[in-house]
Amino acid sequence: MKTSGAPWADRIRDLRVLVVEDDTLVGLFLEALFESIGVGQTIEVAHSLDSARWLAQSGTFDVALLDVNLGGVPSFPVAEVLQQRGIPFAFASGFAGDEVQARFPGVPVLAKPFQAAELAAVLGGLLG
């Protein structure tokens, strides 16, 4: 996917991305989707709340994409860590984002399933 022309397009190749997704196949799909829009440096996938929280606390990331529901548990503690560290993030969900917007106003929510263009648009917004 072509991303040139956007102010963040030159930086996308070197992004470090945290993906929080409990479904292994969806996680692989998201990695491929990020790569399809030009992200090629680091894409780290966490499949559980514990590993996601640890990575959010100790990892070095430019942006993050969080599945709202991790095996019945919300990913909100991870979002709180990212907020504290100043790491921009978006949520991905197959359900309505009302609770997300109530807790994290203004944070983008991608409705699953989404396309590469939607991911690129949200990524561009996060990078400003």
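Since every read-out is calculated from the coordinates, none of them should be taken as a lab result. Computed from a prediction, not measured in an experiment: that's the story for all the values here. Please note: Cβ atoms are built from the backbone with ideal geometry, for glycine as well, and neighbour counts cover all protein chains shown.
Share of antiparallel DSSP beta bridges in the chain, in percent to the nearest 5?
In the chain, DSSP labels about 10 percent of beta bridges as antiparallel.
Please list, in order along the stretch 68-75, the HN-Hα scalar couplings obtained from phi with the Karplus expression 6.51 cos²θ - 1.76 cosθ + 1.60 (θ = phi - 60°), rounded to whole Hz, x for Gly and Pro.
My calculation for the stretch 68-75 gives 5, 10, 10, x, x, 10, x, 8 Hz in order.
Treat every Asp and Glu Cβ in the stretch 12-127 as -1 and every Lys and Arg Cβ as +1, leave all other atoms uncharged, and give the resulting dipole magnitude about the Cα centre to the nearest 20 debye.
260
As a test of the formula, what do you get for the chain when each DSSP H run with n ≥ 4 contributes -39,500 (n - 2.57) and the sum is divided by the residue count, at 222 nm and rounded to the nearest 500 deg cm²/dmol?
When only DSSP H runs of four or more count, the value is -12000 deg cm²/dmol.
For Trp54 and Arg16, compute 0.36 nm times the residue count separating them, minus their Cα-Cα distance, and round to one decimal in nm.
Between Trp54 and Arg16, full extension yields an extra 12.1 nm.
Once you've got the GNM for the chain with C-alpha springs shorter than 10 Å, pick whichever of Val100, Val26, Val78 has the biggest mean-square fluctuation.
Judging by the Gaussian network model, the answer is Val26.
Over 17 Å, how big is the tail of the calculated P(r) for the chain, in percent of all Cα pairs?
More than 17 Å apart: 53 percent of the Cα pairs in the chain.
Are there any chymotrypsin sites (Phe, Trp or Tyr not before Pro) in the stretch 67-128 that are in a DSSP loop and have at most 11 other Cβ atoms within 10 Å? List them by number.
Here no loop site has a sparse enough neighbourhood.
Between the helical axis of 76-85 and the dominant principal axis of the chain, each derived from Cα atoms, what acute angle in degrees is found, rounded to the nearest 10?
Approximately 50 degrees, to the nearest ten.
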